[in-house]
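Trainee: Below is the structure I would like to discuss, written out as structure tokens.
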Amino acid sequence: MDKVVPWSELCALIEPVYPKAGKQGGRPPLPLERMLRVYFLQLWFDLSDPGAEEALYDSASMRLFAGVDLGQASAPDETSILHFRHLLEQHDLGKPILARVNQYLQSHGMTIGTGTIVDATIIHAPSSTKNQDGKRDPEMHQTAKGKQWYFGMKAHVGVDSHSKLIHTILASAANVADQDALPYLLHGKETRVWGDQGYKGQSEVIGQAAPHAQDFTNRGYR
């Protein structure tokens with residue numbers, strides 16, 4: 001990923017809204033690319049903010065990837081990691097970052113084809129009210145999967161069936177049904193769409209979003 005991700009181009013997307021040294025008082029901001037690399041590590045390894053800070057101290061390979069040298073300075077703390085994540089959310093930078101990565105990969109021969117696999121995963125959030133506000137995050141919700149209950153949000157993804165590149169991501173509360181996100185996960189040029197039982201019976205929806213697509217959500221993906 002160090003070679004695949006166009007780091008300088010992604011930093012250029014974020015730089016206009018990233019804090020500048022000496023403009024807001026307090027300690028100077030940490031290097032932008034370092035924070036972006038830590039953010040990606042969070043996504044890849046499903047790390048909370050404190051979990052990401054701990055991982056940087058525990059893993060030499062993560063420190064090397066993020067450009068953290070403990071002999072020179074400490075690793076980004078959980079508050080800095082939290083503020084950076086909120087900065088990206090506040091300015092809705094997730095979509096342009098994903099688009100730029102996919103554009104970069106396509107320019108190097110990895111293209112988006114005509115088949116899409118749709119899926120969703122639950123991202124856990126703290127359900128405790130023992131915090132400063134005394135309440136749970138209002139954007140998160142509870143949902144049941146099988147016989148187990150979860151609290152958090154859900155990431156819905158559209159994945160190219162050939163290259164396995166994620167071309168679309170939609171975030172929602174955890175209680176949003178998989179099938180409700182389906183039309184937003186298709187780019188419209190599909191000839192085939194795969195998914196699990198959560199998308200079964202949605203042939204009409206698929207036909208509206210991707211007129212030439214065959215519905216394979218009841219057959220499984222191979």
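The values are calculated or read from the model by the stated rules, or taken from the named source; none is laboratory data. Because the structure is predicted, anything quoted here is derived from the model rather than measured. As a convention, Cβ positions derive from the backbone with ideal geometry for all residues, glycine included, and neighbour counts pool all protein chains shown. Remember, those area values only see protein heavy atoms, side chains included, never the ligands or the DNA or RNA. Shrake-Rupley method; radii C 1.70, N 1.55, O 1.52, S 1.80 Å.
Trainee: Name the residue, out of 47, 43, that is within 21 Å of residue 97 (Cβ to Cβ) and surrounded by 18 or more Cβ atoms within 10 Å (Cβ to Cβ).
Mentor: 47
Trainee: Same structure again: Let me spell it out: the conditions are (1) within 20 Å of the chain's Cα centre (by Cα); (2) at pLDDT 90 or above, and residue 170 meets all of them except one. Which number is the exception?
Mentor: (2)
Trainee: Checking the conditions here, which among 73, 60, 52, 99 is touching a residue at least 24 places away in the same chain (Cβ under 8 Å) and either out of contact with any strand residue (DSSP E or B) (no Cβ under 6 Å at 6 or more places or on another chain) or not small (Gly, Ala, Ser) (or both)?
Mentor: The conditions single out 52.
Trainee: Further, regarding this structure: Give 36, 56 a once-over and let me know the one that is open to solvent by less than 30 Å² (accessible area, probe 1.4 Å), assigned to a helix (DSSP H, G or I) and farther than 30 Å from residue 160 by Cβ.
Mentor: Checking each option against the conditions leaves just 56.
Trainee: In addition: I'm checking my understanding of the structure. Among residues of segment 133-185 that are part of a loop (DSSP other than H, G, I, E, B) and of a type in the set (Lys, Arg), which one is surrounded by the most Cβ atoms within 10 Å (Cβ to Cβ)?
Mentor: Taking the candidates together, the pick is 136.
Trainee: Scan segment 192-212 for residues that are open to solvent by less than 100 Å² (accessible area, probe 1.4 Å) and over 26 Å from the mean Cα position of the chain (by Cα) and report the count.
Mentor: 4
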